[in-house]
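Chemist: There's a structure below that I have some questions on.
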Amino acid sequence: MNFNNFPIGPDDCGRRLDRIVRKFLPDLQISFIYKNIRTGFIRINNKKQKQDYILQPSDVINIASLLIQKGKSNPTKKNLEDNQSQNLLVPTILFKNDNFLAINKPYDVPVQGSSQNDISLNRIITKLYNPKNFSLTFTPGPLHRLDRRTTGTLIFSQSLKGAQWFSQAMQNKTITKEYLGLVCGKVTQNHKWIDFIDDSYHNNNGFRIVRVVDATQEKISPVAKKAITNIIPLKNTVIEALGKKIPITLCKFIIETGRMHQIRAQSAYHGFPLAGDSAYSTGIYADIKLRSFGIHDSKNKEKIPEFLLHAIRLKSPQNDLGLPTEIIAPLPTFFKNIITTYFASLSFKFIL
């Protein structure tokens with residue numbers, strides 16, 4: 001009988017044999033995996049072991065070739081291959097080491113695709129940047145979320161140790177995420193918004209939106225979760241768009257929770273929707289579009305965004321995994337042009 005041999009990686013050590021194999025060959029039923037461990041079709045270092053055997057650094061898993069064919073079409077190939085591989089977007093790398101990869105997320109690219117054929121940053125990163133240490137089971141992935149039309153700092157794992165550390169830091173609320181956004185209305189002072197967000201709603205066009213609930217005014221749905229956003233106005237001005245004079249404010253947002261559409265929904269709920277955000281803007285701001293701001297160069301092929309929300313900075317605590325305590329993502333060109341045109345007196349250092 002022919003066997004395929006798989007040396008385990010650092011991220012596989014200390015884990016049970018059956019759990020490693022189940023993740024490695026996801027199409028096999030767990031009872032079938034147990035049977036093949038007992039009968040020796042799945043071995044460790046060419047010897048039978050029990051299903052709860054704990055993997056050691058020098059171990060090699062031996063799996064009968066017929067099981068490989070049955071359980072996974074090509075388990076050793078970690079790079080993704082798809083029909084869009086020739087057109088992959090290469091994101092700007094802000095930082096990379098053996099544990100983390102930080103990118104400057106571009107506009108209108110989802111972090112995770114809704115289907116196997118969708119272009120997504122998760123697929124692109126997996127395609128372009130393999131972790132240093134091979135692992136049978138660990139797959140790099142995004143460690144937090146950014147909406148499709150939000151740009152800026154996004155962190156991906158490159159090791160299990162890095163993923164576990166970041167997850168714990170998020171739970172401990174020691175990761176700080178700061179955003180820069182352009183809102184309609186004149187924000188004159190700092191605010192701390194504490195609301196509840198129910199993410200089970202859809203608007204009339206079938207696009208999924210969330211609903212902000214004021215806990216003091218109405219009953220809270222069981223699926224609603226607390227959302228806390230701090231807003232800091234940096235500069236106010238007035239623009240003329242669609243024959244109207246529209247007050248706008250460049251703001252910094254610091255979020256203490258990470259709900260779907262949190263900044264967009266809470267800003268609109270409190271009367272300051274992101275300029276151009278058609279999903280949440282209402283009233284006099286509903287028809288505002290960034291293309292009407294009059295600064296787009298027709299020779300510039302960069303897509304005009306629907307709204308401007310940029311994850312400008314991520315702060316993390318001191319650590320021994322090499323992640324910088326501060327990562328800053330440069331602004332997209334259109335956002336920089338907005339600041340240069342309407343907030344010329346505002347220095348970038350003041351923004352940070």
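What follows draws every value from the coordinates through simple rules; no lab data is involved. Bear in mind that the values here come from a model prediction, so they are computed numbers and not experimental data. Neighbour counts run over all protein chains shown; Cβ positions are idealised from the backbone, glycine included.
Chemist: Using the Kirkwood radius built from alpha carbon pairs, what does the Stokes-Einstein equation give as D for the stretch 3-71 at 37 °C and 0.692 mPa s, in µm² per second?
Modeler: 282
Chemist: Then there's this: Tell me what the chain gives for mean residue ellipticity at 222 nm when only DSSP H runs of n ≥ 4 count, each as -39,500 (n - 2.57), the sum divided by the residue total, rounded to 500 deg cm²/dmol.
Modeler: After summing the helix terms and dividing by residue count, I get -5000 deg cm²/dmol.
Chemist: How high is the relative contact order of the stretch 178-331? Use alpha-carbon pairs under 8 Å, at least six apart in sequence, and give a whole percent.
Modeler: Relative CO of the stretch 178-331 lands at 26 percent.
Chemist: Can you list the residues, at least 5 places off or on another chain, whose amide H is less than 5 Å from the amide H of Lys235, using H built in the peptide plane?
Modeler: Leu250
Chemist: A further question follows. Set the Förster radius R0 to 35 Å, insert the Cβ-Cβ distance between Arg19 and Asn230 as r into 1/(1 + (r/R0)^6), and round the FRET efficiency to 0.05.
Modeler: Using R0 = 35 Å, I get an efficiency of 0.25.
Chemist: If you bin the C-alpha pair distances of the stretch 87-174 every 5 Å from 0, what whole percents do you get?
Modeler: 3, 14, 25, 26, 19, 11, 2, 0
Chemist: Tally Lys and Arg at +1 and Asp and Glu at -1 over the other residues with C-beta under 15 Å from the C-beta of Leu242: what net charge comes out?
Modeler: Around Leu242, the charge tally is +2.
Chemist: Over the stretch 87-174, what is the relative contact order in whole percent, taking alpha-carbon pairs under 8 Å and six or more residues apart?
Modeler: After rounding, I find 34 percent.
Chemist: Under a cut-off of 18 Å between alpha-carbon atoms, report the aspartates and glutamates in cross-link reach of Lys315, not counting same-chain residues fewer than 8 places apart.
Modeler: Counting by Cα, and skipping residues close in sequence, Lys315 has these aspartates and glutamates nearby: Glu178, Glu256, Glu326.
Chemist: Let me ask something additional. What distance in nm lies between label points placed 7 Å from Cα along the C-beta direction at Arg208 and Arg145?
Modeler: Inter-label distance under the simple model: 0.7 nm.
Chemist: FRET efficiency for Asp108 and Asp287, Cβ-Cβ distance as r, R0 = 22 Å, nearest 0.05?
Modeler: Numbers: r = 21 Å, r/R0 = 0.96.
About 0.55, to the nearest 0.05.
Chemist: Which order do peptides 190-202, 243-255 fall in by mean Cβ count within 10 Å, highest first?
Modeler: In descending order of packing, they fall as 243-255, 190-202.
Chemist: Still on this structure: For the chain, what relative contact order do you get, as a whole percent, if you take Cα pairs closer than 8 Å and at least 6 residues apart?
Modeler: Computed value for the chain: 15 percent relative contact order.
Chemist: Given a Förster distance of 56 angstrom, what is the FRET efficiency for Val60 paired with Ile304, based on the Cβ-Cβ distance and rounded to 0.05?
Modeler: 0.55
Chemist: Looking at this model, which pairs from Lys23/Lys177; Lys225/Lys289; Lys192/Lys245; Lys105/Lys252 are more than 23 angstrom apart at the alpha-carbon?
Modeler: Lys23/Lys177; Lys225/Lys289; Lys192/Lys245, as the Cα separations exceed 23 Å there.
Chemist: What is the gain in length, in nm to one decimal, between Ser278 and Lys186 on full extension, counting 0.36 nm per residue of separation less the C-alpha to C-alpha distance?
Modeler: 31.2 nm
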